[in-house]
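One structure is given below, encoded as structure tokens.
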Amino acid sequence: MNHEIYQSPLSERYASKEMQYVFSPEMKFKTWRRLWIALAETEQELGLDITDEQIAELKAAKDDINYGVAKKREKEVRHDVMSHVYAYGQQCPKAKGIIHLGATSCYVGDNTDVIIMREALYIVRKKLINVIAELKDFAMKYRNMPTLAFTHFQPAQPTTVGKRAALWLNELTMDLDDVNYIISQLKLLGSKGTTGTQASFLELFDGDHEKCKEADKRIARKMGFEACFPVSGQTYSRKLDTRVLNVLSGIAQSAHKFSNDIRLLQHLKEIEEPFEKSQIGSSAMAYKRNPMRSERIASLSRYVMVDVLNPAITAATQWFERTLDDSANKRLCVPEGFLAIDGILDLYLNVVDGLVVYPKVIEQHLMNELPFMATENIMMDAVKAGGDRQELHEKIRQHSMAAGRVVKEEGKPNDLLERIAGDPSFGMTMEQLQSIMKPENFVGRAPQQVEEFVEEVIQPILDANKELLGVKAEINV
């Protein structure tokens, strides 16, 4: 590691080696050579004078990239693609005359970008499915555990710990739908020429339009795609980058929401993210257990959500068949967005895998508020015993406000039940009131909703992707 130059924290601290390789020069330039081979094979198949010997020579050198030659040449010609055409030609003297034949730089540049984004999306998809699997286990384990729910972060009707996890899970399934859709929609640029008209290929194929169309189809198949974009300028529409990063932004939004909830729950001491034995929470306050993983999820998620503005603005400001003001921006925003979401999913997986639940604290918080929430049930039972609903409603209102003052102003326990038991209007003993105070009576269908959601939605996803399961995340810092 060179400590005298800047290195992106996304590479140094957050993203996996797997995702870093996808955006590496090695992946990029090997893909360029695969594309040049696909082009030569296609042109030969469609009748151009290209020999098997030339193609064999190209294949023999496809993984042995002479970076030094390319770098030296680029200093002279100031053109990265032509520098690598030259370097490849140095290794393939018999084939150098047909490398990149009829193509423009975007043939390798744009097609490679689509291929790389697809490979990166496959990694995102795999990790997303593993987060879903871990979160499913958590939701099922705690599907019956009542907990205080919140609206506006104010105590509300109880839910269960597992049902809350199902809410996080539901958003991830929406993100998975988006990932699957965008992967299914990816197309190559193909061989479109300098302004997208395929004029150079029409010349090569002696005016045969069908061969120009067939060239795109064959190149797509050779590179593992179903099709190329039907029309383009010199580049594929930059809206594709926006669509891809919108998917990443959606995952970031879901992860951020999850991380916020965990941070709030950790403040309440109900649920904590994993905290390692020798981990230091604060340089000054030795007792602290800060939710640093969840905070990092939030931090990186904000980056991804903002990063999507780059391709959006780029797509909006392209001129006619192409301008080059997209290039430097694309080199930054697309890889960095993927590296960040990769780090986010590793963190998400790590946090869910090690969540610590404190049932006693959860129960205490719930029981402190449950008397207020049980008042409607209490009132109905009292009415059944002959009480007047309007009179009882007013008395409960008065008792609730008085009990609330005791809790807030005096810091004492909630004494609402004692007040009701002492009011002859209700005709209920403390034992009768306590029998109503069973948290499981107030969670509605939350446990059943979790079970049904897992059975109907989550398990089919996991069953269909068994080969992707078992990923464990390594957190660098």
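Values quoted throughout were computed directly from the atomic coordinates according to the rules given, and no laboratory measurement underlies them. Everything numeric here is computed off the predicted structure, so don't read it as measured data. Neighbour counts run over all protein chains shown; Cβ positions are idealised from the backbone, glycine included.
At a 10 angstrom cut-off on C-beta neighbours, averaged per residue, how do the peptides 149-157, 230-238 rank from highest to lowest?
Highest-to-lowest ranking by the protection proxy: 230-238, 149-157.
In the structure shown, do any of 127/213; 94/239; 126/163; 17/187; 269/466 have a Cα-Cα gap over 29 Å, and if so which?
127/213; 94/239; 269/466
Restrict the search to the stretch 380-477; then list the GluC sites (Glu not before Pro) that DSSP places in a loop and that have at most 16 other Cβ atoms within 10 Å of their Cβ.
Passing sites in the stretch 380-477 are 474.
Using Cα atoms only, what is the angle between the long axis of helix 80-91 and the major principal axis of the chain, expressed in degrees (0 to 90) to the nearest 10?
60 degrees
What three numbers, in Å, describe the spread of the alpha carbons of the stretch 357-396 along their principal axes, ordered from the longest?
43, 17, 8
For the chain, count all C-alpha to C-alpha pairs, find those more than 34 Å apart, and express that count as a whole percent of the total.
Here the long-distance tail beyond 34 Å is 52 percent of all Cα pairs in the chain.
Loop only by DSSP, 14 or fewer other Cβ within 10 Å of the Cβ. Give me the chymotrypsin sites (Phe, Trp or Tyr not before Pro) in the stretch 1-102 that pass, ordered by residue number.
6
Cα convex hull of the stretch 137-270: mean projected area in nm², to one decimal?
11.4 nm²
Considering only the chain, what is the antiparallel percent among its DSSP beta bridges, to the nearest 5?
Antiparallel bridges make up about 90 percent of those DSSP assigns within the chain.
Largest first and to the nearest Å, give the Cα extent of the stretch 121-196 along each principal axis.
Taking the Cα atoms of the stretch 121-196, the three principal extents are 63, 27, 13 Å.
Count the net charge of all other residues whose Cβ sits under 14 Å from the Cβ of residue 387, scoring Lys and Arg as +1 and Asp and Glu as -1. Each step should come with its number before you reach the end.
Numbers: positive: 384, 389, 395; negative: 376, 381, 388, 391, 394, 423.
My count for the surroundings of residue 387 gives -3.
Within 10 Å of each candidate Cβ there may be at most 16 other Cβ atoms; applying that plus a DSSP loop requirement, which GluC sites (Glu not before Pro) in the stretch 180-278 survive?
Those satisfying the criteria are 226, 276.
Angle, helix 209-222 long axis vs. longest principal axis of the chain, Cα atoms, 0 to 90°, nearest 10?
Between helix and principal axis, roughly 50 degrees.
Volume per residue, Å³, of the convex hull around the alpha-carbon atoms of the stretch 291-412? If you can, show how the numbers build up before the last one.
Numbers: hull volume 30.2 nm³, N = 122.
So the per-residue hull volume is 247 Å³.
When the Kirkwood radius is taken over all Cα pairs of the stretch 200-281, what Stokes-Einstein diffusion coefficient follows at 10 °C and 1.306 mPa s, in µm²/s?
For these conditions, the coefficient is 89 µm²/s.
Checking a compactness column here: for the stretch 44-189, what do you get for Rg(Cα) / (2.2 N^0.38 Å), N being the number of residues? Display every interim value, and only then the final one.
Details: Rg = 26.3 Å, N = 146, 2.2 N^0.38 = 14.6 Å.
Normalised by 2.2 N^0.38 Å, the Cα Rg of the stretch 44-189 equals 1.80.
What is the chain's relative contact order, in percent, from Cα pairs under 8 angstrom and six or more apart in sequence?
19 percent
Any idea how far the Cα center of the stretch 408-477 sits from the one of the stretch 286-354, in Å?
The stretch 408-477 and the stretch 286-354 have Cα centres separated by 35 Å.
Does anyone have the angle between helix 292-307 and the longest principal axis of the chain? Alpha-carbon axes, 0 to 90°, nearest 10?
50 degrees
Between the stretch 1-78 and the stretch 169-245, what is the C-alpha centre distance in whole Å?
20 Å
With no solvent and one equal point scatterer placed on each C-alpha of the stretch 1-120, evaluate the Debye formula and give log10 I(q)/I(0) for q = 0.13, 0.14, 0.19 Å⁻¹, two decimals.
Each listed q maps to, in turn, -0.58, -0.66, -1.06.
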